[in-house]
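Worksheet: one structure, shown below.
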Amino acid sequence: MRANPVISMVVCLFFTLCVVCTPIHAQDAADAGEAQENTEKLVTPVLEGKPAPFTGLLVPEGKFNQLMESKLANDDLKGKLQIQTNLTQNLEDIYLKRLDEATKPPKWYQTGEFNFWLGFALGVVATGAAIYGAVKIVEAAK
């Protein structure tokens, strides 16, 4: 029994989306505490005219918002690319499987030649039986 290819593709797409859209689990309480301590260490006031006590990128607030928006957009595009990549891979696997099934030669008893010769043999047997029966009827009538 063959599965419907449309249903198979929908099921593959559903499972792909389930895997890709699975939420990431929250950090343990210990990890969250360490992250908070690291964040507190990173926040340092920088006063005008004084050198910054660290090296890095200092961005104005407006540009920071633009930078974060572009980073989020970049992450969103990466996620969409990953989904499309997974979907394309699943579709490729489906099509390769269907191609293998389509190019596989049929079994000997599923070919037209077998059906032809089977019909021919049954016809010969039926004709022979009819002739034999007719001969027996004619002999019995004598």
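The values are calculated or read from the model by the stated rules, or taken from the named source; none is laboratory data. A quick note: this is a predicted structure, and the numbers were derived from the prediction, not measured. Cβ sites come from the backbone with ideal geometry, for glycine too, and all protein chains shown count toward neighbours.
Quick rundown of the values:
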quantity	calculated
Residue satisfying condition, being free of Cβ contacts under 8 Å to residues at least 60 places away in the same chain and outside the structural domain of residue 16 (by TED's automatic domain parsing), within set 73, 129	129
Of all residues in the range 8-35 being exposed (fewer than 10 other Cβ atoms within 10 Å of the Cβ) and farther than 26 Å from residue 78 by Cα, the one that is modelled with the lowest pLDDT	29
Selection count where residues are exposed (fewer than 12 other Cβ atoms within 10 Å of the Cβ) and either more than 30 Å from residue 16 (Cα to Cα) or touching a residue at least 24 places away in the same chain (Cβ under 8 Å) (or both), scope the range 94-118	12
Every residue from the range 101-142 that is of a type in the set (D, E, K, R), in a helix (DSSP H, G or I) and either in contact with a Lys or Arg (Cβ under 8 Å, 6 or more places away or on another chain) or closer than 26 Å to residue 5 by Cβ (or both)	101
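Let's see how each residue does on (1) basic (Lys, Arg); (2) at pLDDT 95 or above; (3) touching a helix residue (DSSP H, G or I) at 6+ places or on another chain (Cβ under 8 Å):
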position: 75; (1), (2), (3): no, yes, no
position: 86; (1), (2), (3): no, yes, yes
position: 106; (1), (2), (3): no, no, no
position: 115; (1), (2), (3): no, no, no
